[in-house]
Amino acid sequence: MKFRRILLIVLVLVGGFWFLTAHMPESWSHWPFFHGSGAPLELTEAQAAPAYDAEEQNNIAVYKRVLPSVVNITSKSLVYNFFFEPVPQQGQGSGFILDKAGHVLTNYHVVAGANRGVKVQLSNKRSYSARVIGTDKVHDLALLQIDAPNLQPVTLADSRDLSVGQKVYAIGNPFGLSGTMTRGIISSIRTIGGAEGSPIEDAIQTDAAINPGNSGGPLLNSRGEVIGINTMIASNGAEQSSGIGFAIPINTAKAVLADLTHYGHVKRPSLGIHDYAIDPDLASQMGLPAVSGILVQTVVPGGAAERAGIHGGNQQAYVGNTPIRLGGDLIVAIDGHETTDSQDINAMMDRHQVGDTISVTFYRGHKKITLKLILGEAR
């Protein structure tokens, strides 16, 4: 009997609650008993789409203009492990379209060793097999070609008159995230060591975020014109952006594109010498007539220097444990520009082509001589 009373009470309570919630007057809706909050939720919404400021408008315009010209590059290779078992590997980078014929510029290290083919994916997600037309290990450049319709080429700027503080953009595929744009400024213009150990003259240092996968992509000015090719980062082993990235100046690429197209490699000019840099201390010890310069060790048989009559050394000596040759000509200037080390020579070679005539100033003993020299091809 007691159980029935309890059951009846429960049924009455449940039925009463259902009746009240189903037939609650609107005037009761503000009671806290029926709501979790004492006040209704009110949102403030914009009456129209937000207006972009001038800087945002330029960012968006650059991105829309250049994105169709930036590509994602995948290189496939087959290597062998310690047990001589084949192991497939895949590399990834970026690049950009140079012309409607399908030429694509990227870094050499993006496609190096790709013995199982290279794929290029456009911004519309369509992929094409690419042919490697030419490579330049010294400047870390590679020229590819694809057969694809309706390509949109980039516009190349002049990288001679860049300024620190100038706004720049990088577009590429960092960590495989295609179509990523970052922004920064030019932090410095400096010479750095490239991937193959050769110096990159007038490299563009930027704080625009550059990460693995950005290699080979374009560095752009505020008009969306290419001023450089993103190539490396200073990361202290972290393999991610540290705010210090570097790009090869686009003028360096312009200087070698013709060779890559016609020969498949760069016909790099050379003096045809083996040299040793002389500093003021060494110059004083050796009794040389100049405080610095390039001491010619040997001349390459048949090379430009030998043809011009430049002499190598004929006396064996040592600087510490390093053997050198004394008695050769001491080169102090090329085309009137002071020459103190191999980087100075490399910089001059980057400004010339095989067959160009340059002037070389040197000391033979204490006699200063200037002669003309026709540059040969580096072997």
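Could you check the stretch 17-123 for strands (runs of 3 or more DSSP E) lying wholly inside it with 2 or more residues that are modelled with pLDDT under 75?
Output list reads 70-80, 86-97.
I'd like to check something: does the stretch 133-141 contain any residue that is hydroxyl-bearing (Ser, Thr, Tyr), outside the structural domain of THR231 (by TED's automatic domain parsing) and out of contact with any Ser or Thr (no Cβ under 6 Å at 6 or more places or on another chain)? It would help to see each step written out before you state the result.
Of the stretch 133-141, the ones hydroxyl-bearing (Ser, Thr, Tyr) are 135.
Still in the list and also outside the structural domain of THR231 (by TED's automatic domain parsing): 135.
Of the ones still in play, those that are also out of contact with any Ser or Thr (no Cβ under 6 Å at 6 or more places or on another chain) are 135.
So far as the stretch 133-141 goes, yes, one or more of its residues are hydroxyl-bearing (Ser, Thr, Tyr), outside the structural domain of THR231 (by TED's automatic domain parsing) and out of contact with any Ser or Thr (no Cβ under 6 Å at 6 or more places or on another chain).
For the stretch 150-158, check the following and say yes or no: at least one residue is assigned to a loop (DSSP other than H, G, I, E, B), of a type in the set (Ser, Thr, Tyr), at pLDDT below 95 and farther than 14 Å from SER215 by Cα.
The answer is no; no qualifying residue exists.
Give the residue, chosen from LEU156, LEU105, that is under 17 Å from ALA253 (Cβ atoms) and surrounded by fewer than 21 Cβ atoms within 10 Å (Cβ to Cβ).
One residue alone meets the criteria, LEU156.
Run LEU371 past the list (1) within 30 Å of the chain's Cα centre (by Cα); (2) within 21 Å of HIS311 (Cβ to Cβ) and report the number of the one that doesn't hold.
Here LEU371 clears every test but (1).
Looking at THR252, is it over 27 Å from ALA157 (Cα atoms), polar (S, T, N, Q), touching a helix residue (DSSP H, G or I) at 6+ places or on another chain (Cβ under 8 Å) and crowded, with 19+ Cβ neighbours inside 10 Å?
For THR252, the condition - over 27 Å from ALA157 (Cα atoms), polar (S, T, N, Q), touching a helix residue (DSSP H, G or I) at 6+ places or on another chain (Cβ under 8 Å) and crowded, with 19+ Cβ neighbours inside 10 Å - is not met.
With the condition being touching a residue at least 12 places away in the same chain (Cβ under 8 Å), β-branched (Val, Ile, Thr) and surrounded by fewer than 17 Cβ atoms within 10 Å (Cβ to Cβ), I'd like the strands (runs of 3 or more DSSP E) fully within the stretch 160-206 carrying at least 3 qualifying residues.
Here the list reads 180-193.
Looking only at the stretch 354-365, decide whether some residue is over 36 Å from the mean Cα position of the chain (by Cα) and either of a type in the set (Phe, Trp, Tyr) or under 12 Å from SER270 (Cβ atoms) (or both).
The answer is yes, given that some residue of the stretch 354-365 is over 36 Å from the mean Cα position of the chain (by Cα) and either of a type in the set (Phe, Trp, Tyr) or under 12 Å from SER270 (Cβ atoms) (or both).
Search the stretch 222-236 for residues that are outside the structural domain of GLY172 (by TED's automatic domain parsing) and pair each with any residue that is polar (S, T, N, Q) and at pLDDT below 85 when their beta-carbon atoms are under 7 Å apart and the residues are at least 6 apart or on different chains.
Once the first residue is outside the structural domain of GLY172 (by TED's automatic domain parsing) and sits in the stretch 222-236, no partner that is polar (S, T, N, Q) and at pLDDT below 85 comes close enough.
Count, please, the residues in the stretch 256-306 that happen to be within 17 Å of ASP356 (Cβ to Cβ) and either surrounded by 16 or more Cβ atoms within 10 Å (Cβ to Cβ) or of a type in the set (S, T, N, Q) (or both).
So the answer is 13.
Kindly list, by first and then second residue, each pair from a residue in the stretch 307-336 that is in the same structural domain as SER284 (by TED's automatic domain parsing) and exposed (fewer than 12 other Cβ atoms within 10 Å of the Cβ) to a residue that is part of a strand (DSSP E or B) and hydrophobic (A, V, I, L, M, F, W, C), limited to pairs with Cβ atoms under 9 Å and residues at least 6 apart or on different chains.
ASN314/LEU326; GLN315/LEU326; GLN316/ILE324; GLN316/LEU326; TYR318/ILE324; PRO323/ALA317
Suppose we filter the stretch 356-379 for residues that are modelled with pLDDT of 90 or more and either small (Gly, Ala, Ser) or touching a Lys or Arg at 6+ places or on another chain (Cβ under 9 Å) (or both); how many remain?
The total comes to 10.
Restricting to the stretch 284-301, give me the number of residues that are out of contact with any His (no Cβ under 6 Å at 6 or more places or on another chain), touching a residue at least 12 places away in the same chain (Cβ under 8 Å) and under 25 Å from ASP350 (Cα atoms).
7
The values are calculated or read from the model by the stated rules, or taken from the named source; none is laboratory data. Just so you know, these numbers come straight off a predicted model, no measurement behind them. A quick note on method: Cβ atoms are made from the backbone with ideal geometry, for glycine too, and the neighbour counts reach across all protein chains shown.
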